[in-house]
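Taking it in order: structure first as structure tokens, then the write-up.
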Amino acid sequence: MDNRSKQIWFWFKFANPHIAGLAAALADRGYSVIFVTEESIPLERVELGWVVPDLGDARLIYAPTKAETIKLASQAPKDSVHICHGIRANGLIQYAQKTFAQNGISHWALMEKANDLGWRGVLKRIVYRRLFFLWKHRISGVLAIGYRTPNWLKQQGFLEEKIFPFAYFLPESINKQKPDVDREGLFRFVFVGRFIELKCVGLLISSLARANLDNFELMVVGSGPLEDELKLAAETILGRDCLRWVGRVLMTEVAQLVEQADCLVLPSIHDGWGAVVSEALMVGTPVICSDACGSAEVVKASGVGGVFRSGDESELTCLLRDMVKRGRQSGRERARLAEWGTKNLGVNAGADYLVEILNHGSSSVAKPPLPWCRY
């Protein structure tokens, strides 16, 4: 990978904004980067506020059919490297992966821990064990998103030496924090995400009520099927004076809203990563999240906020109460956190780390550490 004439290809079902910045950062370093997708942004994501991301100098190619996908994969240079989204339920990408395996071309899978809760989870684990048995010797490695994913992959039978912890690295342009500004007013918590059962917004609402706080505000950003139900519950339990219900916004506006808060809360019972956590830390906003969020590791590493056991209302209540008791961070403290977040979770850190992983391959030397684990 020291030879920058080699091509790095990304294969995703659509132009994923959580990966696009990484592709652009690699292109900025002189690599020839190609981003292949079946479509732009699917309608359900557009309705959530997602927009087509900036790929910089990376080249975007659409391959909307099986035939086009196989043809494109077959034309890839022998020394090219391919980063493919997952190995299951990944649309046309599966045909590109089979082509790479047949042609002896290096290809990696980027994947999160599957949601294996409940009886459906039992079936998923069986399916993944079979898939890993078939693929563990055919792919170069897995970029494992989320702190629990590496161990989950090993439990399902994937080869440990081919598992590399990874993250969603976001553009540094998110960081617009001004270090000399101290916000006044109520202590503001913010939730950003879909209004679905997995996100546990109801748990956040009940925990805030249980904390019995006098000087706080909850800002809620997002949309989803449970919106009306959750809004009514929040107004009833917390009162309208404590609530700022923003609703759906464009993805590009999220960081600005999170920057206006004193603490982001992500109480999910399953979240592969939780990109909004990275956004929050990169603008200097502390985070509280459950240990079922893949980004819980970086929340702990940040030294602010906290992590609670998934579904534990008592632990979440204590963390919320403690955050208000400690008071909001000063502008200088927020600036330090934003600098830490940008240094460790920005696309430049991610690009450097990915190149180290690709250079490492199956070497017997120690794997490169995650950016936030280096010091």
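Here are the numbers for this structure:
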| read-out | value |
| --- | --- |
| Segment SER173-GLU235, length gained on full extension (0.36 nm per residue, minus Cα span) | 18.8 nm |
| Kyte-Doolittle at least 0.0, axis length at least 18 Å by Cα - qualifying DSSP helices, the chain | 118-135, 347-360 |
| Cα-based convex hull, the stretch 288-332, per residue volume (Å³, whole number) | 63 |
| Evaluated over the stretch 215-276, the Cα radius of gyration and Dmax, each in Å | 12.3, 33 |
| Lone cysteines, the chain (no partner Cβ under 4.7 Å) | CYS84, CYS200, CYS242, CYS263, CYS318, CYS373 |
| Proximal lysines relative to LYS367, as straight alpha-carbon distance under 21 Å, when same-chain residues fewer than 8 apart are discounted | LYS113, LYS136, LYS154, LYS162, LYS343 |
| All Cα pairs of the chain, percent lying beyond 29 Å | 43 |
| Dipole moment magnitude, nearest 20 debye, the chain about Cα centre, only Lys, Arg, Asp, Glu C-beta charged | 1240 |
| Residue-span extension gain [ASP352 to ASN115] - 0.36 nm each, minus C-alpha spacing | 82.4 nm |
| The chain - mean residue ellipticity at 222 nm from DSSP helices (-39,500 (n - 2.57) per run, n ≥ 4, rounded to 500) | -12000 deg cm²/dmol |
| Along principal axes, Cα extents of the stretch 173-343, largest first, whole Å | 38, 33, 31 |
| Debye, to nearest 20: dipole size of the stretch 173-343, +1 on Lys, Arg Cβ, -1 on Asp, Glu Cβ | 400 |
| Entries in LYS13/LYS71; LYS6/LYS66; LYS78/LYS98 that, when Cα-Cα distance is taken, lie over 21 Å | LYS6/LYS66 |
| Protection proxy ranking of 245-256, 99-110, 263-274 - average other beta-carbon atoms within 10 Å, highest first | 263-274, 99-110, 245-256 |
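None of the figures in this text is laboratory data; all of them are computed from the coordinates on show. Quick caveat, the model's predicted, so the values are computed rather than measured. No Cβ is skipped: glycine too gets one built from the backbone with ideal geometry, and neighbour counts run over all protein chains shown.
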